[in-house]
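The values are calculated or read from the model by the stated rules, or taken from the named source; none is laboratory data. Treat the numbers as computed from the prediction; the structure is a model and nothing was measured. Neighbour counts are summed over all protein chains in view; Cβ atoms, including those assigned to glycine, are modelled from backbone coordinates with ideal geometry.
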Amino acid sequence: MHSHPYLEVLHILDGTAEAWVEGGDTVTLRKGDTIALPPDVPHSFRVVGDQALRLLGTHVSPKR
């Protein structure tokens, strides 16, 4: 589990993953799904299944 001081947006291009955000349920993400992870909120992310996971991750930060 980790957190960032900025918004992180993940868009699944291929494969399946599970994401968990503190205070919420585990969410299964599949090709075409998008999740926004709020700043400073602990979260985790893992690949599910045998297929390779490809995603586009955007970090929304004025410093990056």
Inter-residue pairs, beta-carbon under 6 Å, first of a type outside the set (Lys, Arg) and in region 48-64, second surrounded by 12 or more Cβ atoms within 10 Å (Cβ to Cβ) and part of a loop (DSSP other than H, G, I, E, B), 6+ apart: Gln51/Gly15; Ala52/Gly15; Leu53/Gly15; His59/Tyr6; Val60/Tyr6; Ser61/Tyr6
Matching strands (runs of 3 or more DSSP E) fully within region 1-48 where at least 1 residues are at pLDDT 95 or above and more than 23 Å from Ser61 (Cβ to Cβ): 7-14, 16-21, 26-30, 43-48
Neighbours by Cβ (under 7 Å, 6+ apart or cross-chain): first from region 27-42, touching a residue at least 40 places away in the same chain (Cβ under 8 Å); second surrounded by 13 or more Cβ atoms within 10 Å (Cβ to Cβ): Pro42/Ser3
